[in-house]
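All remarks here apply to the structure that follows.
The values are calculated or read from the model by the stated rules, or taken from the named source; none is laboratory data. It should be emphasised that the depicted structure is a prediction, and the values quoted were computed from it without experimental measurement. Neighbour counts run over all protein chains shown; Cβ positions are idealised from the backbone, glycine included.
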Amino acid sequence: MHRLPTFAHAFTCLALLLGFCLPTGAASAVPPLRVVATTTLVADLVRVVGGDRVQVQSLMGPGVDPHLYKASAGDMSALGSARVIFFTGLKLEGRMEDLLRRMGQRGRQVVAVADAIPSDQLLRKEGAEGHPDPHVWGDPRLWSLAITPVRDSLTAADPEGAAAYAARAAAYRTQLDTLHQWAASRIATIPKPQRVLITSHDAFAYFGRAYELDVVAVQGISTVAEAGLADITRVADLVKQRGVKAVFVESSVPPGTIQRISKDAGARVGGELFSDALGTPGEMHEAGGERYDVGTYLGMLKHNVNSVADALR
Amino acid sequence: MSSLVPDFDVQRVLVTPWTSDATMNGWIVLMGFLVATTCGWVGQYLLLRRMALMGDALSHSILPGLAGAFLIASFLNPGTADGAGNARGATVMYLGALAAALVTTLLIHWLHTASRVKQDAAIGIVFSGLFALGVILITVFADQVDLDADCVLYGEIGTVGFTDYFQLSGRDVAPLPVARMAIVALLTFAWIQLFYKELLVSSFDPGLASSLGIRANWVHGVLMLWLSVVIVSAFESVGAILVVAMLIVPGATASLLSTSLPRIFSLIVLHAAISSLFGLHLALWLDCSIAGAMVVTGCGLFVLAWLSHVIRVRRARHASLPQDAPPGTLASPSVTPNPP
């Protein structure tokens with residue numbers, strides 16, 4: 001008696017639902033080349049090289065730690081329909097990298113931008129020789145090597161844009177070159193003994209190598225284990241011993257440990273550096289009489305270099 | 001307002017998923033259904049034994065297994081980039097996690113039977129101890145590589161359609177994780193069918209079980225071993241949250257609606273189907289994590305079942321006051337072993 005109306009309702013709902021589900025078959029105008037990039041850094045690279053011809057969707061938003069990324073339903077349909085999928089490689093994307101590479105074997109076009117960097121230029125920690133450090137964007141010269149695979153795969157997917165991609169790639173390479181020269185001269189203003197970069201997790205090894213900074217990270221690469229007491233004491237001692245003026249927090253890692261060291265050792269917090277993700281596009285910062293968008297790679301690196309140079313001098 | 005909650009666009013939420021993305025979404029729903037059903041079935045026995053949080057415990061206690069497997073694999077395969085690269089590969093991690101899960105379940109069982117420590121405390125002690133051991137192993141031996149369950153073991157349900165396919169005579173049949181989970185589901189079903197009586201009696205009354213000649217200890221041990229296989233396989237394909245929740249929620253929902261175990265098992269299947277299908281659409285609407293949306297839908301079903309349970313109890317009380325209350329409509333709080 002009571003059940004009957006509910007059942008009828010359910011049936012009506014189902015019928016309505018099925019009615020909605022009929023395909024409508026309306027196609028839009030010719031869209032730009034739709035591609036997906038995993039991190040904000042890779043997305044920025046593809047956007048610069050692709051220009052107007054390419055529509056880039058970044059799976060991980062600004063400030064997201066790639067280790068802690070959770071995919072959303074929209075990300076999945078983007079991944080399903082993208083013409084080209086760009087990712088960093090070097091195990092930065094964790095299990096997702098295995099998946100993407102397998103999609104490549106199954107005929108999808110996937111590109112690991114860091115694969116273009118020669119193996120002998122990668123940094124390997126002692127005891128983990130098989131696992132090169134993936135944070136290659138710390139050095140603009142290495143990041144510049146990633147331009148070529150992006151240009152080539154965009155050209156393969158959209159041959160008509162070949163000339164445009166080549167021109168933009170060449171221009172960006174020059175820009176990165178200039179950026180590197182500028183960064184080197186800026187860091188050179190710090191006296192040699194004071195060139196110690198202390199951060200929370202180990203993401204600045206390439207940056208340090210490029211600009212002759214000693215990089216000390218409180219935490220290892222994995223984020224599951226928090227910094228140990230011994231780590232904190234070790235770093236605090238180093239700060240006092242070398243007279244380091246500032247320590248740095250990262251945009252995608254909680255700042256607690258670094259603030260503690262800052263308090264223990266009397267070095268101030270020199271600002272927030274961008275390590276694994278860019279800032280929000282359009283987020284303008286001003287330093288050294290220049291304004292730049294920390295949502296782009298160029299702006300991000302300038303921000304990091306300016307923060308480090310200003311705080312350690 | 002509208003930026004926080006996206007508009008309910010019928011085309012985007014209900015139509016496109018089953019036209020242009022139909023294959024991908026079909027596999028996602030099927031995968032969610034298989035995981036929820038299998039976990040729900042096994043979880044029902046955990047609920048009866050008051051071990052519902054085993055899933056959560058295992059999601060932590062596999063960490064030393066991951067670290068140990070990594071260390072062993074790096075030791076056996078030192079030097080070459082390829083060998084060490086594989087040390088973090090999916091198969092090695094799966095085996096490590098499975099070993100740690102087996103150790104966890106056996107330790108919990110042993111601690112619980114061989115001491116005065118109660119079931120829940122035993123779970124708490126063993127999983128936190130093993131997790132801490134894993135953290136120490138990683139910080140001491142493997143600090144230079146990114147080694148955590150999120151990164152190296154947990155899968156993502158949204159990507160099942162993109163993985164390798166299981167092939168039969170050269171044709172793609174189903175994505176590998178779906179095929180694997182289907183086999184696990186079938187085995188679970190067969191196992192429950194075969195040992196229904198043993199599982200039932202030893203879950204409700206271990207004393208009666210042993211007087212009937214059933215070795216309750218062995219039944220429990222095998223259940224725990226199988227549980228480890230189910231949970232680690234599911235972690236590997238869909239991640240932790242869906243598994244932890246689906247061990248508990250379907251069984252709890254079904255137990256509110258019925259008191260007969262066979263009917264509960266059918267209701268678990270229904271719950272799994274609804275929560276995976278509606279969960280996918282919820283995720284598409286809000287553009288959020290698919291596993292998360294499926295769990296939220298499952299919990300929504302639980303709330304509905306709870307409300308209907310409350311209403312039925314009220315009505316039954318009302319009806320019993322005047323004259324003749326039909327027997328059996330009175331919902332009893334706990335499950336009875338036999339169908340009414």
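Below, the figures for the structure above:
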quantity: Checklist (1) surrounded by fewer than 16 Cβ atoms within 10 Å (Cβ to Cβ); (2) more than 19 Å from B:A22 (Cβ to Cβ); (3) more than 14 Å from chain A (Cβ to nearest Cβ) applied to B:A185, failing item; calculated: (1)
quantity: Subset of segment B:153-174 that is in contact with a Phe, Trp or Tyr (Cβ under 9 Å, 6 or more places away or on another chain) and under 18 Å from B:V230 (Cα atoms) - its residue that is modelled with the lowest pLDDT; calculated: B:L153
quantity: Hits in segment B:256-305 (condition: out of contact with any Gly (no Cβ under 7 Å at 6 or more places or on another chain) and among the hydroxyl-bearing types (S, T, Y)); calculated: B:S258, B:T259, B:S260, B:S266, B:S289
quantity: Of all residues in segment A:81-113 being crowded, with 19+ Cβ neighbours inside 10 Å and of a type in the set (G, A, S), the one that is farthest from A:T155 (Cα to Cα); calculated: A:G94
quantity: Candidates A:A156, A:A164, A:A170, A:A246 - the one that is modelled with pLDDT of 85 or more, more than 21 Å from A:D276 (Cα to Cα) and surrounded by 16 or more Cβ atoms within 10 Å (Cβ to Cβ); calculated: A:A164
quantity: Number of positions in segment B:1-54 that are among the small types (G, A, S) and modelled with pLDDT of 90 or more; calculated: 5
quantity: Residue match in segment A:86-94 (condition: within 25 Å of A:E250 (Cα to Cα) and in a helix (DSSP H, G or I)); calculated: no
quantity: First in segment A:61-84 and within 9 Å of chain B (Cβ to nearest Cβ), second anywhere and small (G, A, S) and crowded, with 20+ Cβ neighbours inside 10 Å, Cβ under 6 Å, 6 or more apart; calculated: A:K70/B:S289; A:A71/B:G158; A:S72/B:S289; A:A73/B:A283; A:M76/B:G158
quantity: Number of positions in segment B:287-304 that are surrounded by 18 or more Cβ atoms within 10 Å (Cβ to Cβ) and not β-branched (V, I, T); calculated: 9
quantity: Segment B:24-71: number of residues that are farther than 23 Å from B:G292 by Cβ and surrounded by fewer than 24 Cβ atoms within 10 Å (Cβ to Cβ); calculated: 6
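Conditions (1) surrounded by fewer than 22 Cβ atoms within 10 Å (Cβ to Cβ); (2) over 19 Å from the mean Cα position of the chain (by Cα); (3) not aromatic (F, W, Y), marked per residue:
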site	(1), (2), (3)
A:S251	yes, no, yes
A:P254	yes, no, yes
A:K263	yes, yes, yes
A:V269	yes, yes, yes
A:L273	no, no, yes
A:Y292	yes, no, no
A:T296	yes, no, yes
A:K302	no, no, yes
A:S307	yes, no, yes
